[in-house]
Amino acid sequence: MDIPQLPGQTRSQAVGEVTRTSKKIALELNVPFIMLAQMSREGAKSQEPRLDHLRDSGEIEQDADVVEFLWYDPEEIHSQGKVVQSIIAKGRDVGINKFRYLFKGWIQKYEELDK
């Protein structure tokens, strides 16, 4: 979905308006709100994703309470499936952390590794 921009407004400003409005609505309704964001081309090529790899990241990073990346290193081999990392890159009230899961795609199941 393309975010409409007002005349004289940058894409980053338009994204910021969407994130601020979404957060305001979620707070008013007291519900969690999950948004998906696109990675920049630089982020897609790098090893592990970081906050600055989010496309138009300044506004997203500022408004988000939690930013989580699901990422896997294609070079990390496991005999039973893909090893997926959950990277909490920003976490108000929860901190930052990393978790590793084994993803068994043929049955759509994640199993925690390194308990």
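Rule-based calculations on the coordinates, nothing more; no lab input. Remember, it's a predicted structure, so these values are computed and weren't measured experimentally. Using ideal geometry, Cβ is built from the backbone for each residue, glycine included, and neighbour counts are taken over all protein chains shown.
Here are a few things to note about the model shown:
- For the chain, the longest principal axis of the alpha carbon atoms and the long axis of helix 11-29 meet at an angle near 80°.
- Here the chain is treated with +1 on each Lys and Arg Cβ and -1 on each Asp and Glu Cβ, and its dipole about the Cα centre works out to around 160 debye.
- Available extension along the chain between Arg20 and Glu42 is 5.4 nm, counting 0.36 nm per residue and deducting the alpha carbon span.
- Think of the chain as having a plus end and a minus end, set by charges on the Cβ of Lys, Arg, Asp and Glu; of Val31, Val18, Val84, Val84 sits farthest toward the positive end of this dipole.
- R0 of 30 Å, Cβ-Cβ distance Ser12-Val94: FRET efficiency to nearest 0.05: 0.70
- Shape call, the chain: gyration tensor on alpha carbons, a/c limit 1.5: prolate
- Remark: spin-label model distance Glu75-Asp52 equals 2.2 nm, labels positioned 7 Å along the Cα→Cβ axis.
- Highest average packing first - 100-110, 8-18, 71-81, Cβ atoms within 10 Å: 8-18, 100-110, 71-81
- The alpha-carbon of Lys98 sits under 17 angstrom from the alpha-carbons of these aspartates and glutamates, leaving out residues fewer than 8 places away in its chain: Glu48, Asp65, Glu68, Asp73, Glu76, Glu111, Glu112, Asp114.
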